[in-house]
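So the structure is just underneath, and the comments pick up after that.
The values are calculated or read from the model by the stated rules, or taken from the named source; none is laboratory data. The shown structure was predicted, so the numbers you read here are calculated from the model rather than taken from an experiment. So basically every Cβ, Gly included, is an ideal-geometry build from the backbone, and we count neighbours across all protein chains shown.
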Amino acid sequence: MDERESDKLEERSDNLLISRRDLLRLGLAGGVACLSGACWAWLFGSEAITDATKDNPGVFKKGAPDDRTFEAWRQRGWVREGMHYRKDGSTVQCSICPNRCVLEPGDRSHCRTRINRDGTLFTLAYSNPCSFHVDPVEKKPLFHFLPGTRTFSLAIAGCVLRCMNCQNWEISQKRPEDTKKAEGPEIRMRPGAPPPASLDDLARLTMTPEDVVALAKATSSPSISYTYSEPIAWYEFTYDTAKKAREAGLKNILVTSGYIRTEPLREVARYIDAAHVDLKGFDEATYMKLNAGHLQPVLDAIRTLRDQGVWVEVINLIVPTYTDNLLTIRRMCEWLAREVDPNVPLHFSRFHPAHRLTHLPPTPIGTLERARGEARAAGLRFVYIGNVTGISDAGTTFCPNCHKAVIERDVFAVTTMRLRDGRCEFCQTPIPGVWKA
Ligand code: SF4
């Protein structure tokens, strides 16, 4: 299994596991906001706005919350002015992801988190996570980054894509107001404070960037993961939290589709230590059909992250009839080996029926094994299979020199570690990765 299967709400002994499904069952609606604190606008004066609307049918015309809701969210601190946007009169254009939403006053963005209110772009996704857990870092999945450690993981509703197979669509394809409400007393999650006592409490929960850092430390998590939905959709909160975490000596992990433009990615990557990028296929037509996005920006993002010194691992979900063509998989692996690095870990993940593809069967085990063979033949040295049981070495790291197993895993747990100072214990070959906090 990988984190795609993590969407059941659970209670954990540390009381830090919040069930997003439970929150969603509440059928919450609301809205709030506040423009207090730092203003992060990247305004470009009266520069002309690029015509992106023809590629961006996902904007919700007149989808912004009403005045009462907006004011309630503003007062709760769940609103910030957006980063990376342009303004032309009362029209705004977000420049964070390739969708480049053009919003007239009262409109809501494709990712559902941003609105144009009186000519200013605001995000409604700030300090209001709908889900948070303390996870093993292997669950992201990241296999070459601080193995065996915990990572404080959180999400806010929203996504820049529309994947038909999304396992977390109940938060990714929702507005922040669908998962939170600003009525009633505020609940603040900080170390030492009593955990939320009810689902209603969870919906009213505020968790600032400072709170996230403190909670990560209190739970002995050396890293924070921005995950479950799409952190690009809540870019400002990711940026502010990652910056504070870096100052506090914590690592930051971006679990992302990589559907982001280069400039905002460079901006946030300064504070990101590891990224898990979901390369959903290697065919433009399929990317459009399955994910409502384009392939090239994701390839660019993988290279940008590497150029910025971020540790990158790639996941590829093999969806029957969509992304299971072995020739295409081979081309993807050859591109990774040639244009990125043969040492970049690649995780093939098994599809399970979900969201709009419940009529498809799970990926056959044989397809996953053949894909792994293609990846190895293309020159990739660290290839894994996730979301599956019954393949004994699916999560095993093999030394590329002596071919012995140096890290063995059982689902998300490291069971054998034969690395010493990042080197194979048998032949001393360095194994690429980040092995110490
Ligand atoms: S981040 Fe959201 S608002 Fe900005 S361009 Fe992408 S989908 Fe549109």
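Counting only helices (runs of 4 or more DSSP H) that sit completely within region 146-212, those holding 2 or more residues that are modelled with pLDDT under 90 and over 18 Å from Thr69 (Cβ atoms) correspond to 199-203. Summed over region 245-268, the residues that are within 16 Å of the ligand (Cβ to nearest atom) and either part of a helix (DSSP H, G or I) or surrounded by fewer than 20 Cβ atoms within 10 Å (Cβ to Cβ) (or both) give a count of 7. In region 144-153, the qualifying residues are those that are within 14 Å of Ala437 (Cα to Cα) and of a type outside the set (A, V, I, L, M), and the one that is nearest to the chain's Cα centre (by Cα) is Thr151. Taking the criterion of being within 12 Å of the ligand (Cβ to nearest atom) and of a type outside the set (A, V, I, L, M), the residues of region 230-240 that qualify are Glu230, Pro231, Trp234, Tyr235, Glu236, Thr238.
Restricting attention to region 357-382 and to residues that are in contact (Cβ under 8 Å) with a residue 40 or more places away in the chain and β-branched (Val, Ile, Thr), the residue that is nearest to Arg331 (Cα to Cα) turns out to be Thr367. Please work out if Val79 is of a type in the set (Val, Ile, Thr), assigned by TED's automatic domain parsing to the domain that holds Ser172 and modelled with pLDDT of 95 or more. No. Take the residues of region 106-125 that are outside any strand (DSSP E or B) and closer than 12 Å to Glu177 by Cα: which is nearest to the ligand (Cβ to nearest atom)? Step by step, filter region 106-125, then rank; the result is Thr113. Could you list all residues from region 224-244 that are within 20 Å of Val434 (Cα to Cα) and surrounded by fewer than 24 Cβ atoms within 10 Å (Cβ to Cβ)? Residue satisfying the conditions is Lys243 alone. Taking residues in region 147-159 that are assigned by TED's automatic domain parsing to the domain that holds Ala218 and crowded, with 24+ Cβ neighbours inside 10 Å, and partners anywhere that are in a strand (DSSP E or B) and charged (D, E, K, R), the pairs with Cβ atoms closer than 8 Å and at least 6 places apart or on different chains are Thr151/Asp135; Ser153/Asp135.
If you go through region 390-409 and pick out every residue that is in contact (Cβ under 8 Å) with a residue 60 or more places away in the chain and not basic (Lys, Arg), you end up with 3. Residues in region 78-94 that are crowded, with 21+ Cβ neighbours inside 10 Å and assigned to a loop (DSSP other than H, G, I, E, B) were compared, and the one that is farthest from the ligand (Cβ to nearest atom) is Trp78. For region 228-244, the set of residues classified as more than 18 Å from Leu265 (Cβ to Cβ) and assigned to a helix (DSSP H, G or I) consists of Lys244 only.
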